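S.K.: Let me give you the structure first, and then I'll get to my questions.
Values quoted throughout were computed directly from the atomic coordinates according to the rules given, and no laboratory measurement underlies them. Bear in mind the structure is a predicted one, so any value in this text is a computation, not a measurement. Counting neighbours? That spans all protein chains shown, and the Cβs are built from the backbone with ideal geometry, glycine included.
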Amino acid sequence: MDPHDAHAFEADALDGIPLPRERTVLYGHAAAEHALLEAYRSSRMHHAWILAGPKGIGKATLALRFARFVLAHPDPVFAAVRTATNLTVLPDDPTFRKVAAGAHPGILHLKRPYDAKRKSKDKFKQDLTVDEVRRAVPFFGSTGSQGSWRICIVDAADDMNQNAANALLKVLEEPPKRSLFLVLAHSPGQLLPTIRSRCRMLTTQPLQNEEVVAGLAEFGVAAKETREAERAAALAHGSLRKAIMLASSDAIELADGFAGLVKQLPDIDVAQAHGFADAVARSGADDAWTLFQDLVADHLHSRLDPASGMALQRLVRVAEVWEKTSQAAREADAFNLDRKQLVLNVFRDLAETASS
């Protein structure tokens with residue numbers, strides 16, 4: 001099978017973008033990469049790590065980069081490990097090729113499983129299931145070559161249901177020799193305390209805008225020093241994944257439309273507001289709907305800054321609008337309510353806060 005066909009069976013894959021296991025470059029995360037390298041070189045390498053940070057900033061790329069390095073250099077006393085300045089493994093290395101193809105026997109990458117029977121557009125199960133996590137039992141129980149590592153990547157722990165989390169905990173409680181767990185978590189505070197207590201936490205940070213722009217250029221999404229790249233990076237808040245999605249759609253046009261409407265407040269161009277609401281609320285425009293919520297959040301958060309000099313009463317009103325908008329969006333998603341009316345209501349509330 002053509003390696004690129006594998007994208008269809010990968011949860012969270014983006015069309016035309018290399019999967020994390022295929023990437024040769026890691027944007028950002030120099031401190032986290034150094035921490036993992038130093039830990040591997042030491043005699044106190046922890047068997048389980050939580051790589052924590054927002055979605056889309058490169059945690060999976062970092063995890064697979066580390067796994068690839070360990071598998072390519074299974075003994076931390078190797079000169080290549082001692083002299084390394086980062087976790088680079090060259091693309092012509094056999095280990096790199098096996099990992100990139102998803103065929104290395106030393107890696108178990110646990111993700112939401114593909115389900116061809118699902119009728120929705122998303123053909124992947126909503127949860128990282130307990131059956132998927134239980135694959136770790138025979139994986140660690142099988143016999144590898146002498147001195148080989150077995151590395152389990154949980155991508156992401158946020159997708160686990162309760163049964164899956166308990167299954168992971170059982171495996172973590174009795175770690176086999178030369179085993180390594182890399183648990184990706186967008187919201188680590190929501191993990192079971194018992195899982196957190198058995199792992200070492202490594203926090204990763206959102207990317208800098210220039211790092212996001214470099215990633216967009218490498219993947220051929222948007223050229224450097226273009227408004228498209230700069231705007232996508234600014235809207236993505238450090239998430240390369242989100243920036244790719246924004247630059248690959250009409251999201252920037254929508255963001256500009258939102259900015260234009262907000263700039264007019266407390267006045268509202270009714271026709272312009274209806275046109276924007278139609279674009280956001282149209283059938284199948286889930287990404288635009290999510291973007292709208294992000295844009296509202298960014299706008300309100302900027303106004304909630306006490307340093308802005310806004311009076312306390314107005315700060316309270318802005319906070320109320322944010323809570324009201326969040327609740328209304330959740331109800332619209334849960335009960336399939338009219339999204340367009342919600343968008344128009346939000347602009348009315350924004351106008352009221354601007355004039356109060």
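S.K.: Non-local amide H neighbours of VAL183 (under 5 Å, H modeled in plane, Pro and chain starts lacking H): which ones?
M.R.: Amide H neighbours of VAL183: TRP49, ILE50, LEU51, VAL154.
S.K.: With +1 on the Cβ of every Lys and Arg and -1 on the Cβ of every Asp and Glu, and nothing else charged, how large is the dipole of the chain about its Cα centre, in debye rounded to the nearest 20?
M.R.: The dipole magnitude comes to about 1440 debye.
S.K.: Continuing with the same structure: Which residue, chosen from ALA251, LEU342, ALA79, occupies the Cα position most advanced towards the positive end of the dipole of the chain, where the dipole is computed from +1 (Lys, Arg) and -1 (Asp, Glu) charges on Cβ about the Cα centre?
M.R.: Positive-most Cα among the choices belongs to ALA79.
S.K.: Along the Cα-to-Cβ line of ILE268, 7 Å from the Cα, sits a label point; which residues in the range 319-337 have backbone N less than 11 Å from it?
M.R.: Inside the label zone: nothing.
S.K.: Once you charge only the Cβ atoms, +1 for Lys and Arg and -1 for Asp and Glu, what is the size of the charge dipole of the range 182-295 about its Cα centre, to the nearest 20 debye?
M.R.: Dipole of the range 182-295, to the nearest 20 debye: 780 debye.
S.K.: Now a separate question. For the range 3-203, what relative contact order do you get, as a whole percent, if you take Cα pairs closer than 8 Å and at least 6 residues apart?
M.R.: It rounds to 28 percent for the range 3-203.
S.K.: Which is farthest toward the positive dipole end of the range 3-203 among PRO91, ALA30, LEU191, measuring Cα position about the Cα centre, with Cβ charges +1 (Lys, Arg) and -1 (Asp, Glu)?
M.R.: Value: LEU191.
S.K.: Starting at the first residue of the range 204-210, write each ³J(HN,Hα) from the Karplus equation 6.51 cos²θ - 1.76 cosθ + 1.60 with θ = phi - 60°, in whole Hz, x for Gly and Pro.
M.R.: Once θ is set to phi - 60°, the couplings for the range 204-210 become 9, 9, x, 6, 6, 4, 5 Hz.
S.K.: Return the whole-Å distance between the Cα centroid of the range 18-70 and the Cα centroid of the range 218-287.
M.R.: Computed from Cα coordinates, the inter-centre distance equals 31 Å.
S.K.: For the pairs LYS111/LYS324; LYS55/LYS125; LYS117/LYS340; LYS55/LYS123, note any where the Cα-Cα span goes beyond 22 Å.
M.R.: From the list (LYS111/LYS324; LYS55/LYS125; LYS117/LYS340; LYS55/LYS123), the Cα-Cα distance tops 22 Å for LYS111/LYS324; LYS117/LYS340.
S.K.: Remind me, relative contact order of the range 249-355 in percent, using alpha carbon pairs under 8 angstrom and six or more residues apart?
M.R.: For the range 249-355, the relative contact order is 37 percent.
S.K.: Can I ask one more? Taking the Cα-to-Cβ direction at PHE9 and at ALA116 and moving 7 Å from each Cα, how far apart do the two end points lie in nm?
M.R.: About 0.9 nm separates the two model spin labels.
S.K.: Something else about it: Can you compute the helix-only [θ] at 222 nm over the chain? Use -39500 (n - 2.57) per DSSP H run of at least 4 residues, normalise by all residues, nearest 500 deg cm²/dmol.
M.R.: Helices in the chain give a 222 nm mean residue ellipticity of -15000 deg cm²/dmol.
S.K.: Could you give log10 I(q)/I(0) at q = 0.07, 0.14 Å⁻¹ for the chain, computed by the Debye formula over C-alpha point scatterers of equal weight, without solvent?
M.R.: After summing over all Cα pairs, the log10 values are -0.37, -1.23.
S.K.: Sequence-distant or interchain residues sharing an amide H contact under 5 Å with LEU108, placed H: which?
M.R.: Placed amide hydrogens put ILE151, CYS152, ILE153 under 5 Å from LEU108.
S.K.: Give me, ordered by chain and number, the residues 5 or more places off THR203 or on other chains with an amide H under 5 Å from its own placed amide H.
M.R.: HN-HN under 5 Å from THR203: ALA52.
S.K.: Let me ask something additional. Each residue of the range 53-60 in turn: what ³J(HN,Hα) in whole Hz from Karplus with 6.51, -1.76, 1.60 and θ = phi - 60°, glycine and Pro shown as x?
M.R.: Values per residue, Gly and Pro as x: x, x, 5, x, 9, x, 5, 5 Hz.
S.K.: Tell me, what is the FRET efficiency for ASP338 and MET201 to the nearest 0.05, using R0 = 35 angstrom and their Cβ-Cβ distance as r? List each step's numbers first, then the result.
M.R.: Working: r = 43 Å, r/R0 = 1.22.
It comes to 0.25.
S.K.: Using a basic spin-label model with each label point 7 Å from the Cα along Cα→Cβ, how many nm lie between SER43 and ARG348?
M.R.: Using points 7 Å along Cα→Cβ, the separation is 7.1 nm.
S.K.: For the chain, calculate the relative contact order in percent as a whole number, restricting contacts to Cα pairs under 8 Å that are 6 or more residues apart.
M.R.: For the chain, the relative contact order is 16 percent.
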